[in-house]
Amino acid sequence: MEANELFGAGACTCPYVRTDTCMCHTNNTNNTRTRTAIPPLKEVRSVEQRLDVHQSPFHDRLDGRTVRLGQARAGWGDLGMAEQQQEENRAKYVITAIFVVVLLDLLGFTLILPLLPSLIENYGNEDKSGLYQKLQAGVNWFADGVGVPSTKRYNAVLFGGLLGSLFSLLQFLSNPIMGAASDRYGRRPIMVLCLVGVMASYIIWATAGGFAMFLVSRVLGGFSRCSVSLAAAAIADLTQSAHARGMAMVGAAFSVGFIVGPILGALIGAGAGGGGYAAWLALAFAGAAVVVLILALPETLLPEDRAPSVLVGCKEALYLISPAELFNFTTLERRKEALTQADLHRLRQLGRLYFLYIFIYSGLEFTLAFLTHTRFHYSSMQQGKMLFLVGVAMAAVQGGYVRRVRRHQELKLVQRALLLLIPAFLLVGWATNEPVLYLGLLLYAFGEEISPVDDIDSQHSFS
């Protein structure tokens, strides 16, 4: 049955009708009807679902009245503004919740940093399973192969680097898999699952009676450490205007976490049984993150935007795990909205440069505590104070200098920062006294905070 037969020759057939007037324009001269700026029915229902206060906690009020699509007396333009305001309010709420979750997660993660050298040393001295000696034999074999002197100082640093590399390798393997699962089931449940895994790793650490169980806790913690990447994915689900603000808040959570966490861990680890107390406190932080996640963070990935199956995402994850495909940015090349060859070439150059930067940076970041423990005999408290000062210096550089850099000057800034890191690494590596060490760390903090290559404007090229 035709619409005109059902409603009458002059009736409106547009998919959205207000209570008093139609939202389409009828040309009475030639008896034709044209529609202007009228959204399709699917879009209207989507907007209605998002704005319905019974389905979403993110509702606002205009002139004392709840904005609802079926009740609003304004035209579609007013509703569009109302929807935009709703999306902005929703984005602010989501970003705040993500900030709290990431901060709590990072506080628990960084508690162990100043304690790790002494923990490994104690576990090694008390290990009865023979696992520590087997791993140490592998470290000695590697040291002999690369020409590192076989002394206690170097062996401790290499052993710590082995555990750090294992932790990062598990992150590298698990993050694409968890990302694929979140594309199918949503960000929120997978983040809860990962944080529950982190909580389990802290329980194992707190009750570990030897090195073997401590190693199990690190393995489980490394595989479950996906909350930050999932938080970034949740921010990517928001409006385009919220992306920069959201990632800035994640960066702020990192700054606060790496400033407060180590010094807090050092304070707890200063007493007897400090390692166990730090583990229970880390568990409390992770538990609080789960509570905030469940109660305050809504799902950001709408059902209609989800992947049809986990297998589809896992196939894509293979391109992120394979080093060759990863460095060629194959996942971007295979997308429908593929980049131009020129942009892809610049992105590959940028990615390889960033890999070299992270390769060098992570080496110092993880082995610094072992270096000061063996060379300067730093206690856990001294380690915490050192990491605290480095974090404060980075935050000062970020807030006082980096934010004032003018647009299109990022490339020159990064080039200078990378050059500045050269003497910083040399001073830290060759330091035989604390003044030289802290001078190198100061240069390192300045150069590291302004040198992230991912901040370079995409319009720059490295040719």
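The values are calculated or read from the model by the stated rules, or taken from the named source; none is laboratory data. All values reported here derive from a predicted model rather than from experimental measurement. Reconstructed Cβ throughout: ideal geometry from the backbone, glycine too, with neighbour counts over all protein chains shown.
Some points to look at:
- Residue list for region 147-170, filter: small (Gly, Ala, Ser), surrounded by 15 or more Cβ atoms within 10 Å (Cβ to Cβ) and part of a loop (DSSP other than H, G, I, E, B): none
- Only a single item in (1) over 24 Å from residue 268 (Cβ atoms); (2) surrounded by fewer than 20 Cβ atoms within 10 Å (Cβ to Cβ); (3) in contact with a helix residue (DSSP H, G or I) (Cβ under 9 Å, 6 or more places away or on another chain) is not met by residue 144, and it is number (3).
- Selection status of residue 289, assigned by TED's automatic domain parsing to the domain that holds residue 108, over 22 Å from residue 218 (Cβ atoms) and under 22 Å from the mean Cα position of the chain (by Cα): no
- Of the helices (runs of 4 or more DSSP H) lying entirely inside region 294-398, those carrying at least 3 residues that are of a type in the set (Ser, Thr, Tyr) and within 20 Å of the chain's Cα centre (by Cα) are 341-375.
- If you go through region 218-265 and keep only what is under 19 Å from residue 164 (Cα atoms) and among the aliphatic types (A, V, I, L, M), you end up with 219, 220, 228.
- Screening the candidates 271, 276 for the property of being modelled with pLDDT under 95 and either surrounded by 14 or more Cβ atoms within 10 Å (Cβ to Cβ) or under 20 Å from residue 176 (Cα atoms) (or both) yields one hit, 276.
- Criterion: more than 30 Å from residue 230 (Cβ to Cβ) and modelled with pLDDT under 80 - qualifying residue of 138, 80, 130: 80
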